[in-house]
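Reviewing the structure listed below.
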Amino acid sequence: MEVGPRRRIRGAPLIAAVVLAILAAAVPGGSVGAGATAVAAPEGDEDGVSLQWEAAINGRPVAEIDANDPVRLDPAEGALIELTLTNTSAEELSIRSVRLDGKVMGLTMYNFTTRIDLLMPPDSVTTRTFDIDLIDLAGQANGLIPSRLQLLDDERGVVAEESFPADIRGSVNSVYGVFGFAVLGITLVLLGSLLLGIRRSQMPENRWKRAMRFLPFGIGLGFVLTFTLSATRQLAPSAASWTTVVLLCAAAAFAVGYFLPIGVPDDQESASGDVDSTGEEVQDDTEMLETVDADLATAGGAAGTARTGQSTGHYWTSGSQGQTGLDQPDAPEDDW
């Protein structure tokens, strides 16, 4: 029986690449610059600005917070928010709540919303100070996180917002940390698949195919590097920074796979036999068993034929009696 070629599962790297590509595609819809953001003016307002505001977190103006000196957010201490709002329009403005959140790669890592129910008459200035309890922050995030402070209206639409980097003093066991370890696990699986393919000489000879095998590992390495720099407080992974890191790692892995002098032809790669460390083909176990069975059957048939010939050679089937005494058992002697 002919033994078919072995089938190797090639879908695992592709699935991991799809997962990492989905994560890479989850980029925020737009970037928010530092400084105050003004609400669109109502119709008929010639000023073009309806709200001017200034915000401070723990005594630090949000507009002055940068990556070199991020604001510290500690779950044990909370956050003190100070708002100064100026309604420059001819209509009353309503601020329902204030939201403090942080996002990495388009994924919300922490979110706190406080309701203030603020009504601002036309041409008025309002100051409001309140605390945000950050007790749940320890289980949500850790490290440098790009954050935002938003003002929401009655329909929970964003009236104004400011962005800033925050130094989150959370826990390694937070959602952010677990997500980073999950990405690390996927990347290690991809690396193991590459090393196993190299060890078994299963890499394609075509450079482009081989480079595409290395590309998912490069993307995963970029994600791992992003989470590591964020957790160690070396980088706040904004949309521009983490995208740059992932693209550089992916390009490096692609180049390694393209120029690495390894690979076998496609027809040899799809062959049933594997190769050992000396480069010689190792015979399949099933094929070896069938060969042994065939040899045993041949040997048994030859032995049976020999026995049959020997048995039939001892007796005559024709009318001739043959040679006297040939192959005939000796008659017992008469004791009389």
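The values are calculated or read from the model by the stated rules, or taken from the named source; none is laboratory data. Just so we're clear, the structure is a prediction, and the values are computed from it rather than from any experiment. For accessibility, only protein heavy atoms count, side chains too; no ligands or nucleic acids. Shrake-Rupley method; radii C 1.70, N 1.55, O 1.52, S 1.80 Å.
I'd like the Karplus ³J(HN,Hα) series for region 185-192: coefficients 6.51, -1.76, 1.60, θ = phi - 60°, whole numbers in Hz, and an x wherever there's a Gly or Pro.
x, 4, 5, 5, 5, 5, 5, x
Using amide H atoms built in the peptide plane, which far-off residues or other-chain residues are under 5 Å from Arg233 H to H?
So Arg233 has HN proximity to Leu144.
Gln140's amide H: which non-local residues (gap 5+, or another chain) put their own amide H closer than 5 Å, with H modeled 1.01 Å from N in plane and none for Pro or chain starts?
Ser171, Val175
For Arg210, Arg60, give the ranking by accessible area with the largest first, probe 1.4 Å. Don't skip to the answer; put the middle values down first.
Numbers: Arg210 5, Arg60 65 Å².
Most to least solvent-accessible, the answer reads Arg60, Arg210.
Once you sort the root eigenvalues of the Cα gyration tensor of region 80-192 as a ≥ b ≥ c, which label holds: rounded (a/c under 1.5), prolate (a/b larger than b/c) or oblate (the other case)?
Values: a/c = 3.59, a/b = 2.64, b/c = 1.36.
Prolate, since a/c reaches 1.5 and a/b exceeds b/c.
On average over all directions, what projected area in square nanometres does region 117-167 have, based on the convex hull of its Cα atoms? Provide the component values of the computation, followed by the final result.
On the way: hull surface 20.1 nm².
Averaged projected area of region 117-167's Cα convex hull equals 5.0 nm².
For region 122-235, what does the accessible surface come to per residue with a 1.4 Å probe? Please give it in Å². Walk me through the numbers on the way to the answer.
On the way: 5460 Å² over 114 residues.
That works out to 48 Å² for each residue.
Hey, what do the phi angles of region 155-160 turn into as Karplus ³J(HN,Hα) couplings, whole Hz, using 6.51/-1.76/1.60 and θ = phi - 60°, x for Gly and Pro?
After applying 6.51 cos²θ - 1.76 cosθ + 1.60, I find 9, 6, x, 7, 7, 7 Hz.
Over region 164-239, what percent of the accessible surface lies on carbon and sulfur atoms, probe 1.4 Å?
Values: 2470 of 3660 Å².
About 67 percent, which is the carbon plus sulfur part of the accessible surface.
Note down the accessible area of Glu64, probe 1.4 Å, to the nearest 10 Å².
Roughly 130 Å² of Glu64 is accessible to a 1.4 Å probe.
Using each residue's phi in region 100-108, evaluate 6.51 cos²θ - 1.76 cosθ + 1.60 at θ = phi - 60° and report the 3J(HN,Hα) Karplus result to the nearest Hz, with x for Gly and Pro.
Computed from phi, the couplings for region 100-108 are 10, 9, x, 10, 9, 6, x, 9, 6 Hz.
Could you list which residues have their amide H under 5 Å from that of Ser124, counting only those 5 or more apart in sequence or on another chain, with H placed in the peptide plane?
Asn87
Taking the full set of protein chains and a 1.4 angstrom probe, give the accessible area of Phe164 in square angstrom, rounded to the nearest 10.
Its heavy atoms expose roughly 10 Å² to the probe.
What is region 151-235 by shape, rounded, prolate or oblate, if you read a ≥ b ≥ c off the alpha carbon gyration tensor as root eigenvalues and call it rounded for a/c under 1.5, prolate for a/b larger than b/c, and oblate otherwise? Display every interim value, and only then the final one.
Values: a/c = 3.52, a/b = 2.30, b/c = 1.53.
Here region 151-235 falls in the prolate category.
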